[in-house]
């Protein structure tokens, strides 16, 4: 063998060893996120548990004992809470729960509408009010994060493994770091945010979006007939387009820079090594294996516009797309407000019994006699026809969503206590930008 050829082979071998060492070091450095060891428990009110429980009127929620479900975590499955925050108003306008399966290489993301009606004692019972109220109680973002995680747990039935609360600025910086995204903008968009000095005017059609333009597209909702639900559909379409572009490259451009942005501008409990691991696993999914869905709700006008969870549909979606456990989750694992033709009910203990008494006792000739006018002015937020009684017979709910579903009825409401003393969360008025 000639000497130049031999030298070339030695150099090539050395280069391969260096590459192999670098790859090995990367895999040693990246780290799987820790998974929540907390198993779901039965948290439903006695009236909606699978077996009727007699409870005295003076019993509190803490006095009741619930039986934990024998359940195990699926290996290689991670759940992540992704939240978009308006850093000027502290409102959580985008809430996504993601399940990443690193064995099947699938990713499912479910959006929780900002107006989702939740079981809380304060006046504005929207999930969008949770972070704002808790964060501003002590000017502590972590309090807001913990409070929202707890409310999301009530909706999905378990603790998420990790979270990332993303501000407007970090979203802009991340999109710019990857070089922008090509997207078919669905409509004319006028987005003005004077606080950030963002002025965006876009026409419909396929175009390349930089960070500010992309942020305007995913936050805009002013002219959508379905309001926030219309915005969620556009957000899903944008995320699909971005995912397809990154997957076609087989990499995320400037990944190190993105990790730095996420760590410096985002509230997250993920380490750099955790983020690197999740990025690599996500890139092994195909575009067809990434699914976006929305929590099934119906819009109802209860003085404020609320999105009320469709309970049967939600339990079915939850088990098919988000459940990280080996056994199905049931109604008893959730603490959510729902509505059927008997009225409004709650799978957990009502935190504000007066609210349920009021909405179930509304008289169309009194407080909501203007239903027709409201329906004409806003067809997306109509006032429902509610029964005039505030109670209904007790019911039994099946333990799993696969069982035949009974017709849900609202449980008897106990003697109404005095209104809770907690201060009501302030309702924020969205600016034109949203």
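The values are calculated or read from the model by the stated rules, or taken from the named source; none is laboratory data. What you see is a predicted model, and the numbers here were worked out from it, not measured in a lab. Cβ coordinates were reconstructed from backbone atoms using ideal geometry, including for glycine residues, and neighbour counts include every protein chain displayed.
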### Query
Considering only strands (runs of 3 or more DSSP E) fully contained in segment 268-325, which possess at least 2 residues that are in contact with a helix residue (DSSP H, G or I) (Cβ under 7 Å, 6 or more places away or on another chain) and closer than 27 Å to residue 144 by Cβ?
290-294
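Let's see how each residue does on (1) touching a helix residue (DSSP H, G or I) at 6+ places or on another chain (Cβ under 8 Å); (2) within 26 Å of residue 305 (Cα to Cα); (3) modelled with pLDDT of 95 or more; (4) part of a strand (DSSP E or B):
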| site | (1), (2), (3), (4) |
| --- | --- |
| 62 | no, no, no, no |
| 93 | yes, yes, no, yes |
| 129 | no, yes, no, no |
| 135 | yes, yes, no, no |
| 169 | yes, no, no, no |
| 172 | yes, no, no, no |
#### Entry: Count of residues meeting criterion [more than 25 Å from residue 255 (Cβ to Cβ) and loosely packed, with under 12 Cβ neighbours inside 10 Å] in segment 185-227
10
### Task
Among residues belonging to segment 102-120 that are in contact with a helix residue (DSSP H, G or I) (Cβ under 9 Å, 6 or more places away or on another chain) and more than 24 Å from residue 218 (Cβ to Cβ), point out the one that is surrounded by the fewest Cβ atoms within 10 Å (Cβ to Cβ).
104
### Query
Does residue 149 qualify as being surrounded by fewer than 23 Cβ atoms within 10 Å (Cβ to Cβ), out of contact with any helix residue (DSSP H, G or I) (no Cβ under 7 Å at 6 or more places or on another chain) and under 18 Å from residue 266 (Cβ atoms)?
yes
### Task
Residue by residue through segment 174-194, note down the ones that are in contact with a helix residue (DSSP H, G or I) (Cβ under 7 Å, 6 or more places away or on another chain) and not in a loop (DSSP other than H, G, I, E, B).
174, 175, 176, 177, 181, 182, 183, 185, 189, 191
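Can you say whether residue 92 is under 20 Å from residue 220 (Cα atoms) and crowded, with 21+ Cβ neighbours inside 10 Å, as far as the supplied structure shows?
Yes.
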### Message
Which condition from (1) over 19 Å from residue 232 (Cα atoms); (2) more than 24 Å from the chain's Cα centre (by Cα); (3) not in a loop (DSSP other than H, G, I, E, B) is the one that residue 151 breaks?
### Response
(2)
## Note on the structure
Out of (1) part of a loop (DSSP other than H, G, I, E, B); (2) modelled with pLDDT of 90 or more; (3) under 30 Å from residue 30 (Cα atoms), the one residue 236 does not meet is (1)
